[in-house]
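**Q** Submitted below is the structure of interest, expressed as structure tokens.
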């Protein structure tokens, strides 16, 4: 896995899912950021954290979509522990995710590059789009070693609201799942 630069420039990590509400890594700074041309979707299967191989949960990934944007958090990483940080992230994001470089836009139009983890459509755990009701049933029923899939969804929705981020996809799923439990 690549997409990590060496040198004096800050290394930023773009968080758009559970890393927003549970980063579990050392960070020096954080700022709101937008990934232009991307949208957040519950289209990735989770066989290792929020589901099992026979009953995968659903977690978010970035899906390319011109004209859209995904709001999240950019974390400035501590370069003195960068190797250990990415080893931990690579393990955490192992279920079909790849490390990638992404262009972000911060406040006041500031543009900068970051590393993120995204699950491309060709990966083994890809579930893709489905009707909201179908995804809600799967999320409501799925459990894995890291807990209930619905807790992942609820944690993300709560973290987005706390940051003033509106994500219709996440909030529609949250509403549908709450009606099922």
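**Q** State the extension gain, in nm to one decimal, for the chain segment bounded by residue 55 and residue 112, taking 0.36 nm per residue of separation less the distance between their alpha-carbons. Write out the running numbers ahead of the final one.
**A** On the way: separation 57, 0.36 × 57 = 20.52 nm, distance 3.83 nm.
Separation in residues times 0.36 nm, less the Cα-Cα distance, equals 16.7 nm.
**Q** So the label point goes 7 Å from the Cα of residue 82 along Cα→C-beta, right? Which residues of segment 110-134 then have their backbone N under 16 Å from it?
**A** 113-116
**Q** Rank the residues 20, 25 as a footprinting-exposure proxy: fewest other Cβ atoms within 10 Å of their Cβ go first.
**A** Details: 20 22, 25 18.
With the sparsest Cβ surroundings first, the list reads 25, 20.
**Q** To the nearest 0.05, how large is the calculated FRET efficiency for residue 100 and residue 69 if R₀ is 25 Å and r is the Cβ-Cβ distance?
**A** On the way: r = 16 Å, r/R0 = 0.66.
E between residue 100 and residue 69, to the nearest 0.05, is 0.95.
**Q** Per DSSP helix of 4 or more residues, -39500 (n - 2.57); summed, then divided by the residues of the chain. What does that give at 222 nm, rounded to the nearest 500?
**A** Numbers: 5 runs with 50 residues, N = 181.
Counting only the DSSP helices, I get -8000 deg cm²/dmol.
**Q** Can you tell which of 114, 64, 162 shows the greatest fluctuation in a Gaussian network model of the chain with Cα springs below 10 Å?
**A** 162
**Q** Okay, next question. Given an 8 Å cut-off on Cα distances and at least 6 residues of separation, report the relative contact order of the chain as a percent. Provide the component values of the computation, followed by the final result.
**A** On the way: 354 pairs, mean separation 49.9, N = 181.
Value for the chain: 28 percent.
**Q** How would 113, 24, 167 line up from fewest to most surrounding beta-carbon atoms within 10 angstrom?
**A** Starting with the residue having the fewest Cβ neighbours, the order is 24, 113, 167.
**Q** I'd like the orientation of helix 168-178 relative to the chain: the angle between its Cα long axis and the longest Cα principal axis, in ° from 0 to 90, rounded to 10.
**A** Long axis of 168-178 versus the principal axis of the chain: about 40 degrees.
**Q** Could you tell me the center-to-center distance, by alpha carbons, between segment 31-83 and segment 105-181 in angstrom?
**A** Between the Cα centre of segment 31-83 and that of segment 105-181, the gap is 8 Å.
**Q** What is the gain in length, in nm to one decimal, between residue 30 and residue 161 on full extension, counting 0.36 nm per residue of separation less the C-alpha to C-alpha distance?
**A** Values: separation 131, 0.36 × 131 = 47.16 nm, distance 1.70 nm.
Net length gain for the segment: 45.5 nm.
**Q** Okay, next question. To the nearest 10 degrees, how steep is helix 149-162 against the longest Cα principal axis of the chain, on a 0 to 90 scale?
**A** Between the helix axis and the principal axis of the chain, the angle is about 50 degrees.
Every number here is computed from the coordinates shown, using simple stated rules; none is lab data. It should be emphasised that the depicted structure is a prediction, and the values quoted were computed from it without experimental measurement. All Cβ positions, glycine included, derive from the backbone under ideal geometry; neighbour counts span all protein chains shown.
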